């Protein structure tokens, strides 16, 4: 008997629904520590993406667990999300400071005036970046809350063989995942 999961035209996934973000994150952290790669982990996409793809909104996440049509998003770690937010703040601060310094130098200003202008513009750019970063964090939290209101947070884990199937299911159950099961999906690489 082969150790491979599914057929060449399909891929096997473990799926679970979580009641809160803490258990979901603990399961993801455990999966990553146990050898699953970040690209093998996916979450339900935003309501807008679901509605755009399916033509309607869903009432309960359980309706989407085994659907091959449901749009997903790749898992992005908290650290990566924080780095992106920090990059927005720093990047806008840097751009604002450079623009102000360039304007002061172009107008023949002195070094002190140039530095003061750059600092002020950098602060304004940083403030704009902070607002944008907060918006991204708030939007992520709103998406999670919407899913919780509709029955829970969906998590899919792609597996490559029987041993990974068992390991994924054990991890999902250990972290309070419910309705943990396997399903086969068409493999987009062979379609």
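The values are calculated or read from the model by the stated rules, or taken from the named source; none is laboratory data. Source: prediction; values computed, not measured. For neighbour counting, all protein chains shown are included, and Cβ atoms are generated from backbone atoms with ideal geometry for every residue, glycine included.
Numerical summary
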| quantity | calculated |
| --- | --- |
| Unmet criterion (only one of (1) loosely packed, with under 12 Cβ neighbours inside 10 Å; (2) modelled with pLDDT under 90) for residue 82 | (1) |
| Residue match in the stretch 41-58 (condition: surrounded by fewer than 13 Cβ atoms within 10 Å (Cβ to Cβ), touching a residue at least 24 places away in the same chain (Cβ under 8 Å) and over 14 Å from residue 143 (Cβ atoms)) | no |
| Count of residues meeting criterion [at pLDDT 85 or above, part of a loop (DSSP other than H, G, I, E, B) and surrounded by fewer than 19 Cβ atoms within 10 Å (Cβ to Cβ)] in the stretch 152-191 | 2 |
| Some residue of the stretch 122-143 being in the same structural domain as residue 25 (by TED's automatic domain parsing), assigned to a helix (DSSP H, G or I), in contact with a strand residue (DSSP E or B) (Cβ under 9 Å, 6 or more places away or on another chain) and at pLDDT 50 or above | yes |
